[in-house]
Amino acid sequence: MGYELNVDVHPEYPVSWQAAAINGVLRGTMKPISSILVRNTAGMALASRIMGLGERVPNCPKHVSVVPGAFGSCRGEWVHGGPGLDESKAVLYFHGGAYFVCSPATHRPITWRLSAAAGRPVFSLDYRQGPVHSLPESLTDALRAYECLLDRGYAARDIVLAGDSAGGHLTLATLLALRDRGMPLPAAGICLSPWADLSSSRKRANVWSDPMLPAGRVDWLARRWTAGLDRYDPLVSPVYGDYTGIPPLMIVTGSTEVLRDEARSVAVSAREYGVRVTYEEWSRMPHVFPLFADVLPEGRLFFDHVSRFLDAVHAYHVSGSEAEAA
């Protein structure tokens, strides 16, 4: 990629046997379990407890530091992916989980590697989720966390927003809300398999080929989380957003994901509004494949792409600053 930001990337590689195995396991476990449980509040509670078991599994090497963090009402954890990080910079991370499962702890395989790739600590936000809380409350927590980082002395240009799946949705919504409020914007946004369309549009892409997500349950959750809201509001469905003035984006998806088309649509739309977008579509990778980086070679390779993207973002901002000074 060099220092090119506005580019489509389709990594060419022989799909690993680990990826084939993971896809098979997900197709035989996660997809049918989700189809059964994600139908009512009781089933969602059980799914949440099952996914919560992942918090008990050690998922960081010894050189990684994870420290609980809180400032004001913002709670989460600071993840340091190794020594020698630039403490004057930060990544604000929003974990995925369809807005009702998972936590910062379950997503440490991403956050510690993201910290190492970005050369800075990651604050992984423990934002409020359903079914008790609503989308607007999740967004309020995300905005508050960003404001807290600014209040702690971080410059906006030294912050990167990132998230996966529902957290990718929250990343896009937060960027749009910050822009609309006239607040200083972060340097960039990174979205892994973003859930960007919660409107009445039914999922039609990769309905059968997605090994992890049942399209019908994704549509059901979209209806549940948007009850009483305008489903075409860009803060609810960022795929309909006006991205004017938004900083560079990295949008990543797997080629067989049920969410692939909405990720691609955000990339296309954002470019039409003048945003520099690095869009990456990885062949036959499951939803949020970097989460499986402990065993998935492609998941580990992804973080090299993150490093190159952030190098390109830095060069872009430096060249912009020099042009303004001239």
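The values are calculated or read from the model by the stated rules, or taken from the named source; none is laboratory data. Predicted model only: the values in this text are computed from it and were never measured. Cβ coordinates were reconstructed from backbone atoms using ideal geometry, including for glycine residues, and neighbour counts include every protein chain displayed.
Within region 130-180, the residues that satisfy the criterion of being more than 23 Å from residue 310 (Cβ to Cβ), in a loop (DSSP other than H, G, I, E, B) and either in contact (Cβ under 8 Å) with a residue 12 or more places away in the chain or polar (S, T, N, Q) (or both) are 130, 131, 134. Within the set 262, 281, the sole residue that is among the acidic types (Asp, Glu), more than 19 Å from residue 116 (Cβ to Cβ) and in a helix (DSSP H, G or I) turns out to be 262.
Check every one of the strands (runs of 3 or more DSSP E) wholly within region 1-92 and list those with 3 or more residues that are crowded, with 17+ Cβ neighbours inside 10 Å and at pLDDT 95 or above. Give the steps one after another, and end with the answer.
Numbers: elements: 7-9, 65-71, 74-80.
Hits in region 1-92: 74-80.
Considered as a group, the residues in region 273-305 that are β-branched (Val, Ile, Thr) and in contact with a strand residue (DSSP E or B) (Cβ under 7 Å, 6 or more places away or on another chain) include one that is farthest from residue 262 (Cα to Cα), and that residue is 275.
Any residue at all in region 107-117 that is in contact with a His (Cβ under 6 Å, 6 or more places away or on another chain), outside any helix (DSSP H, G or I) and under 21 Å from residue 185 (Cβ atoms)? No, there is no match, as no residue in region 107-117 is in contact with a His (Cβ under 6 Å, 6 or more places away or on another chain), outside any helix (DSSP H, G or I) and under 21 Å from residue 185 (Cβ atoms).
Per-residue answers, yes or no, for (1) crowded, with 16+ Cβ neighbours inside 10 Å; (2) more than 16 Å from residue 233 (Cβ to Cβ):
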residue: 121; (1), (2): yes, yes
residue: 131; (1), (2): no, yes
residue: 149; (1), (2): yes, yes
residue: 153; (1), (2): no, yes
residue: 175; (1), (2): yes, no
residue: 185; (1), (2): yes, yes
residue: 195; (1), (2): yes, no
residue: 202; (1), (2): no, yes
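Criterion applied to 282, 195, 208, 220 was being aromatic (Phe, Trp, Tyr) and without any contact (Cβ under 8 Å) to a residue 24 or more places away in the chain, and the one residue passing it is 208. Criterion first (over 26 Å from residue 14 (Cα atoms), in contact with a helix residue (DSSP H, G or I) (Cβ under 8 Å, 6 or more places away or on another chain), part of a helix (DSSP H, G or I) and polar (S, T, N, Q)) does residue 269 satisfy it? The answer is yes for residue 269. Of everything in region 22-43 that's under 21 Å from the mean Cα position of the chain (by Cα) and of a type outside the set (Lys, Arg), which residue is farthest from residue 215 (Cα to Cα)? Only one residue fits best here, namely 22. Can we say residue 149 is within 30 Å of residue 81 (Cβ to Cβ) and touching a helix residue (DSSP H, G or I) at 6+ places or on another chain (Cβ under 8 Å)? No, not satisfied. In region 278-326, the qualifying residues are those that are β-branched (Val, Ile, Thr) and at pLDDT 95 or above, and the one that is surrounded by the most Cβ atoms within 10 Å (Cβ to Cβ) is 288.
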